[in-house]
Amino acid sequence: MMTRAEAYAELTKYVDNKNLLKHMISTEAVLIRLAKHFDQDPDLWGMAGLLHDIDYEDTKEQPEVHSLKGAEILESLGFSPDLIYAVKVHNERHGLPRNSLLDKALYATDPMTGLIVAGALIRPDKKLSGVDVPFLLKKFDQKAFAKGANRQQILSCSELGLTLEEFLGLGLEGMQGISKELEL
């Protein structure tokens, strides 16, 4: 498997949008935290999070192709079938089953990062340090808050054996660990 620095260099060949890159870095951080929680490979899980939307700028107008093209890119770069499948299955439009813990974790994490970022952005200091799980739980039920964060997809954390509270806590912990990089 290529190094994180090599993977990031490849990623930036496909992604220019700073906010999309921050989303992918956030997903990476959360998946690394989840991998440690589940005693899985944090390098593999982190790489899946970092690269999961590698094709998004190319496919945003064609959501039915999103993640299939990404899987092709990742296959051409020599990534493992487990990582490629997790990336492919994170787009539920394809109707593929989420089989592994990684598949389930990436699917549930993808929208959660947006919920956490939105939580930070409405705080007076606009910092992740001002966000806690009770705050996120309160905001979770407000439909107008972070509208793009699919609540049903986040709630699929139950497939991992985690409560929403546990899942948000692990996600927040992962993202707070990279708050400087996220400028939050």
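The values are calculated or read from the model by the stated rules, or taken from the named source; none is laboratory data. Please read these numbers as outputs of a predicted model, since none were measured by experiment. Glycine also receives a Cβ, built like all others from the backbone with ideal geometry; neighbour counts cover every protein chain displayed. Heads up: the accessible areas ignore ligands, DNA and RNA and are worked out on the full protein's heavy atoms, side chains in. Shrake-Rupley method; radii C 1.70, N 1.55, O 1.52, S 1.80 Å.
The heavy atoms of Asp125 offer some 80 square angstrom of accessible surface to a 1.4 angstrom probe.
The relative contact order of the stretch 103-145 comes to 30 percent, based on Cα pairs under 8 Å that sit 6 or more residues apart. Rolling a 1.4 Å probe over the protein heavy atoms leaves His23 with an accessible area of roughly 40 Å². Accessible area per residue was computed with a 1.4 Å probe on protein heavy atoms; Asp53 scores about 10 Å². With contacts taken as Cα pairs under 8 Å at a separation of at least 6 residues, the chain carries a relative contact order of 23 percent.
Among the chymotrypsin sites (Phe, Trp or Tyr not before Pro) in the stretch 115-184, those placed in a DSSP loop whose Cβ has at most 15 other Cβ atoms within 10 Å are Phe145. The share of accessible area on the stretch 4-182 that comes from carbon and sulfur is 49 percent, using a 1.4 angstrom probe.
Membrane-span-like helices in the chain (whole DSSP H runs, Cα extent of at least 18 Å along the helix axis, mean Kyte-Doolittle hydropathy of at least -0.5): 18-37, 101-121. Computed about the Cα centre, the dipole magnitude for the chain is approximately 740 debye when only Lys and Arg (+1) and Asp and Glu (-1) carry charge, each at its Cβ.
For the stretch 71-151, report the accessible area per residue in Å² (1.4 Å probe, heavy atoms, rounded to an integer). Spell out each step's value before the answer.
Details: 4000 Å² over 81 residues.
Heavy-atom accessible area per residue stands at 49 Å².
Take every pair of alpha-carbon atoms less than 8 Å apart whose residues are at least six positions apart; their mean separation over the length of the stretch 79-179 yields a relative contact order of 28 percent.
If R0 equals 45 Å, the separation of the Cβ atoms of Met1 and Phe145 corresponds to a calculated FRET efficiency of about 0.75. Each of Arg93, Arg33, Arg4 has its accessible area taken with a 1.4 Å probe; listed largest first, they run Arg93, Arg4, Arg33. Take a quick pass over the stretch 107-184 and tell me how many lysine pairs come in under 16 angstrom between Cα atoms, counting only ones 8 or more apart or on separate chains. Lysine pairs meeting the criterion: 5.
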